[in-house]
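Asks: Sharing a structure below in structure tokens format, with a few things to ask.
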Amino acid sequence: MLRLFKKERKRKDFEYKKEGNKFHKKLEKILRDAGLRIEWSDFNKKGPDIIAYINDKKIIFQCKHSPKGNFYNSLEDEVDSYSAKIKRYNADRAVIALSGYQIKKIFETKL
């Protein structure tokens, strides 16, 4: 029974990563089509998923995907983290790109 559970969990993790990677690639294409120069793009490594430039401005992107429409509960923590990463990566801006997530009502007015 435990073996079947682990196998099913692995399959779901694989599907989740596959969907997340698809979202990452879609965002990368949108950025390229919009004229941004992509310096770095890797969904599987730590740090920003995409580092891009436009008009000599460096922008770091973090992609987050949920296939189930889950609430993104740690949005404030993620914003704080990426505020610090702007300095660490010597970037001008940071973008957290969410796909499939719901955000709490309190954030709707802040966006």
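Asks: Listing 95, 79 from the residue with the fewest other Cβ atoms within 10 Å to the one with the most, what is the order?
Replies: On the way: 95 16, 79 13.
Fewest-to-most ranking of 95, 79: 79, 95.
Asks: Moving to a separate point now. Of 26/85; 57/104; 25/68, which sit over 26 Å apart, Cα to Cα?
Replies: On the way: 26/85 23 Å; 57/104 31 Å; 25/68 19 Å.
Flagged as over cut-off: 57/104.
Asks: Sticking with this one: If you project the alpha carbons of the stretch 50-98 onto the principal axes, what extent comes out on each, in Å, largest first?
Replies: Largest to smallest, the principal-axis extents are 37, 19, 11 Å.
Asks: At a 10 Å Cβ-Cβ cut-off, how would you order 23, 71, 43, fewest neighbours first?
Replies: Values: 23 20, 71 11, 43 17.
Ranked by crowding around the Cβ, least crowded first: 71, 43, 23.
Every number here is computed from the coordinates shown, using simple stated rules; none is lab data. Owing to the predicted nature of the structure, the values given are computational and were not obtained by experimental measurement. With ideal geometry, Cβ positions are generated from the backbone for all residues, glycine too; neighbour counts draw on all protein chains shown.
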